[in-house]
Amino acid sequence: MKAIVYTSNTGSAKAYAEMLGEKTALPVLPFTEAVKTLDSGTDIIYIGWLMAGTVVNLAQAQKRYHVRAVLGVGMTASGEMAASVRSRNHLDDSIPLFLAQGAYDKTKLRGMYRIAMKFVGAAIDRKVSAKPDRTPEEERILVMLRQGGSGISEDYLAAVLAWYRDNGGEALS
């Protein structure tokens, strides 16, 4: 790998990119900067925020770079959603997909994303609230939707780092 490229909306994907960059010593670039400085075909790890199961800017990154692995960052990091995210983003099984929980702060959302999350968040809240036996993850989602909060954790990078080491990279810490 030559770089970590990310797209972040409220800062969660950026936080994961920076943490991963520290562990791998790879340069970390926002997608908008990467398109100006990285050569086409460069091997990258792509990190992007999830919007309705789509990893934002992943399709554009795949057209320009050799995306070796993807980390999608959303309100939840349920393994159950991996198949849906893989399908929605047209990722074949040869590209590792990792998921991580990010943070939610509705004051950082702008424009259409703020409007969309008002409705989507309310729908998720109703659906999860109606469950009599909520999981701890579902409880965290309700708290994040209602009060904001962060699920950002280095723990989500363990699988990414193991994959990186297994594919010729060396984690630094």
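The values are calculated or read from the model by the stated rules, or taken from the named source; none is laboratory data. All values reported here derive from a predicted model rather than from experimental measurement. Using ideal geometry, Cβ is built from the backbone for each residue, glycine included, and neighbour counts are taken over all protein chains shown. Accessible surface is based on the protein model in full, side chains and every heavy atom, while ligands, DNA and RNA are left aside. Shrake-Rupley method; radii C 1.70, N 1.55, O 1.52, S 1.80 Å.
With charges only on Cβ, +1 for K and R and -1 for D and E, what is the dipole size of segment 61-110 about its Cα centre, in debye, rounded to 20?
340 debye
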Report task. Can you bin segment 85-173 into rounded, prolate or oblate? Criterion: square roots of the alpha carbon gyration tensor eigenvalues sorted a ≥ b ≥ c, rounded for a/c under 1.5, prolate for a/b above b/c, oblate for the rest. Result -> prolate
Report summary line: Read-out semi-axes √(5λ) of the Cα gyration tensor in Å, candidates (i) 23, 19, 17; (ii) 25, 19, 13; (iii) 28, 17, 15; calculated match is (iii)
Query - Cα gyration tensor shape for segment 31-117, rounded if a/c is under 1.5, else prolate or oblate - result: oblate
Report summary line: Over the chain, the sum of -39500 (n - 2.57) across DSSP H runs of at least four, divided by residue number and rounded to 500 deg cm²/dmol, gives at 222 nm -13000 deg cm²/dmol
**Report entry** Rounded tilt (10° steps) of 136-147 against the dominant C-alpha axis of the chain
**Finding:** 80 degrees
Report summary line: Ignoring ligands and nucleic acids, M117 exposes an accessible area, probe 1.4 Å, in Å² to the nearest 10, of 40 Å²
Report task. Working from Cα positions, state the angle (0 to 90°, nearest 10) between the long axis of helix 111-129 and the longest principal axis of the chain. Result -> 60 degrees
Requested in this report: Enter the angle in degrees (range 0 to 90, nearest 10) between the Cα long axis of helix 12-24 and the first principal axis of the Cα atoms of the chain, meaning the one along which they spread out most.
Outcome: 40 degrees
Report summary line: So, with points 7 Å from each Cα along the Cβ direction, the E33-E18 label distance in nm works out to 1.1 nm
Query raised in the report: What percent does the relative contact order of the chain come to when contacts are Cα pairs within less than 8 Å and at least six residues apart?
Result: 23 percent
Query raised in the report: Around I4, with a cut-off of 13 angstrom between Cβ atoms, what is the net charge of the other residues, counting Lys and Arg +1 and Asp and Glu -1?
Result: 0
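Per-residue counts of other Cβ atoms within 10 Å, averaged by peptide: what ranking do you get for 42-48, 96-102, highest first?
42-48, 96-102
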